[in-house]
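Structure first, commentary second.
The values are calculated or read from the model by the stated rules, or taken from the named source; none is laboratory data. In this text the structure is predicted, and so the values were computed from the model without any measurement. Here Cβ is always computed from backbone atoms with ideal geometry, including for glycine, and neighbour counts include all displayed protein chains.
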Amino acid sequence: MTALTLNLEPVLYLTHEQFRKLCQLNPDLKLERTAEGRLIVMPPTGWESGNRNANLTADLIFWNRQAKLGMVFDSSTGFILPNSAVRSPDAAWVRQDRMNALNPDPDGFLPLAPDFVVELRSASDSLRDGKAERLKSLQEKMQEYIDNGVRLGWLLNAKDQTVEIYRANREIEVLSSPLILSGEDVLPGFKLSLIEVF
């Protein structure tokens, strides 16, 4: 399943509030907006990817309940990045002190880049039929997160059982068939077993 990108410029530019209302009026669609104002319409995931994502998010939630250091967000949460893109990572985490400083509208998108993000590439994605473009767009999205202040990002590729680790001011690290990922100093003590994810 491929995402659809709609270029509305120069006909229309949606403000953050207009984009939020568009999302509310179309709850069956998963929408993102690029920094350039393009709308990205993403299809629902297959059951296998949905299950992997749920397990990953659950592990992050269980760690956070013990650590009590921040807040965990699922793939339906919109984040307004500093470049004005509105993105929804598969899973995200924000430090509690940053949330406390915001006092955000509970019905709105969060106007910040998370400290940590995860994107999960589906095992059904192949390098045929434009799927290479999906991987490239996910890699560009991960770099956009880092460029906008995300401290740690994981791109999990279930098909190839690889992980791309994105960090600020560092080269992308690629791991082949890792068993466990560490949250490093961003998520102290967090360890993700990839058995349920891969």
ask   = Do you know which of the residues in the range 170-190 that are of a type outside the set (A, V, I, L, M, F, W, C) and touching a residue at least 60 places away in the same chain (Cβ under 8 Å) is nearest to Leu152 (Cα to Cα)?
value = Gly183
request  = Go through the range 5-32 and count every residue that is under 23 Å from Trp47 (Cβ atoms) and either aromatic (Phe, Trp, Tyr) or surrounded by 10 or more Cβ atoms within 10 Å (Cβ to Cβ) (or both).
outcome  = 5
Number of the exception - Ala101 against (1) farther than 25 Å from Glu140 by Cβ; (2) in contact (Cβ under 8 Å) with a residue 12 or more places away in the chain = (2)
inquiry  = Restricting to the range 41-54, count the residues that are surrounded by 16 or more Cβ atoms within 10 Å (Cβ to Cβ) and either touching a Pro at 6+ places or on another chain (Cβ under 8 Å) or at pLDDT 90 or above (or both).
reply    = 0
task = May I ask you to list pairs of residues, at least six apart or on different chains, whose Cβ atoms are under 8 Å apart, with the first in the range 53-68 being of a type in the set (Phe, Trp, Tyr) and the second being surrounded by 14 or more Cβ atoms within 10 Å (Cβ to Cβ) and at pLDDT 95 or above?
result = Trp63/Gly183; Trp63/Leu187; Trp63/Phe190
query = Looking at Ser84, Ser76, Ser88, Ser49, which is the one that is at positive phi and of a type in the set (Ser, Thr, Tyr)?
reply = Ser84
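Here are some residues: Gly78, Gly108. Which one is closer than 21 Å to Arg151 by Cα and either modelled with pLDDT of 90 or more or touching a Gly at 6+ places or on another chain (Cβ under 9 Å) (or both)?
Working: Gly108 fails: closer than 21 Å to Arg151 by Cα.
Only one candidate passes the filter, namely Gly78.
Going by the structure shown, is Gly70 in contact with a helix residue (DSSP H, G or I) (Cβ under 8 Å, 6 or more places away or on another chain), within 22 Å of Leu156 (Cβ to Cβ) and not hydrophobic (A, V, I, L, M, F, W, C)? Can you show your working first?
On the way: in contact with a helix residue (DSSP H, G or I) (Cβ under 8 Å, 6 or more places away or on another chain): yes; within 22 Å of Leu156 (Cβ to Cβ): yes; not hydrophobic (A, V, I, L, M, F, W, C): yes.
It is true that Gly70 is in contact with a helix residue (DSSP H, G or I) (Cβ under 8 Å, 6 or more places away or on another chain), within 22 Å of Leu156 (Cβ to Cβ) and not hydrophobic (A, V, I, L, M, F, W, C).
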task = Please work out if Val72 is closer than 23 Å to Leu194 by Cβ, buried (at least 19 other Cβ atoms within 10 Å of the Cβ), modelled with pLDDT of 95 or more and not hydroxyl-bearing (Ser, Thr, Tyr).
result = yes
inquiry  = Tell me yes or no: at least one residue of the range 153-167 is closer than 23 Å to Leu112 by Cα, of a type in the set (Val, Ile, Thr) and touching a Leu at 6+ places or on another chain (Cβ under 6 Å).
reply    = no
ask   = Just one of Met42, Met99 is within 30 Å of Gly189 (Cβ to Cβ) and out of contact with any Leu (no Cβ under 7 Å at 6 or more places or on another chain); which is it?
value = Met99
